[in-house]
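These notes concern the structure reproduced below.
The values are calculated or read from the model by the stated rules, or taken from the named source; none is laboratory data. Not measured: the values here are computed from a predicted model. Positions of Cβ are backbone-derived with ideal geometry, glycine not excepted, and every protein chain shown enters the neighbour counts.
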Amino acid sequence: MMRQFTKMAIVETFIRLLNEKPLDKITVKEIVDNCGINRNTFYYHFEDIHGLLVYILDAEAQQVIEQHASVDSLEEGFIAAAKFALENKRAAYHIYYSVSREELERYLNSVAHEVMERLVESIIKDVPGECLAREEDIRLLIQFYQSGMVGLTTQWLSRGMKDDPEVLIRRLGVLLKGSLGAALGKGVRPGFRQKGPDV
């Protein structure tokens, strides 16, 4: 119990510091001084600061996925995928502009993929079997929208987080309303080309 309390104190201290300064400016000494523990205690729980960051992002991804057992809309999915960045804007910004950017992108991709799979599962229940897109096309759609979620979040970070991302996500939700369901309902036989303009 005490060990878990200490571990959470380290995590919370690190996130607070990460919201205040760049990742490469945070030291183990600073974390332990803020927690009132010694270095050995830190290293009992985490190999190094990178290991601490990976633990936080993995735990956050698991929590978001568990909290969104069902997803009803694209905008809800986008917000779920970007949850850590939305709640810890400066921290996400500091991670993005560090050598650990790939860990943040891995987190975003992990959550976005899971969210999209659940959203697709909820939509295809209402699509007649003969109209349902092929399995490989469904996977392609998940990958496409997942990439959109991650790309939107990383662009927001790269532009200095100047816009309100939730407003952008809500607007995008309105613009894309029904698009995923329509795409999933386009079951096309191999070699068959639908008539109409290419858009």
(message) Every residue in the range 69-81 that is surrounded by 18 or more Cβ atoms within 10 Å (Cβ to Cβ) and not acidic (Asp, Glu), please.
(response) Val71, Leu74, Gly77, Phe78, Ile79, Ala80, Ala81
(request) Can you work out which of the residues in the range 82-95 that are under 12 Å from Leu57 (Cβ atoms) and of a type outside the set (D, E, K, R) is surrounded by the fewest Cβ atoms within 10 Å (Cβ to Cβ)? (result) Asn88
(request) Please enumerate the residues belonging to the range 1-24 that are surrounded by 17 or more Cβ atoms within 10 Å (Cβ to Cβ) and either in contact with a strand residue (DSSP E or B) (Cβ under 8 Å, 6 or more places away or on another chain) or charged (D, E, K, R) (or both). (result) Lys7
(request) Search the range 79-131 for residues being within 16 Å of Gly181 (Cβ to Cβ) and in contact (Cβ under 8 Å) with a residue 60 or more places away in the chain, and hand back the single one that is farthest from the chain's Cα centre (by Cα). (result) Ile124
(message) For the range 30-44: of the residues being of a type in the set (Val, Ile, Thr) and more than 15 Å from Ile15 (Cβ to Cβ), which is nearest to the chain's Cα centre (by Cα)?
(response) Val32
(request) Could you check the range 20-69 for helices (runs of 4 or more DSSP H) lying wholly inside it with 2 or more residues that are of a type in the set (A, V, I, L, M, F, W, C) and either in contact with a His (Cβ under 7 Å, 6 or more places away or on another chain) or on the phi < 0 side of the Ramachandran plot (or both)? (result) 28-35, 49-67
(request) Check Ser98 against each of (1) in contact with a helix residue (DSSP H, G or I) (Cβ under 9 Å, 6 or more places away or on another chain); (2) at pLDDT 85 or above; (3) farther than 24 Å from Arg159 by Cα; (4) part of a loop (DSSP other than H, G, I, E, B) and name the one condition it does not meet. (result) (3)
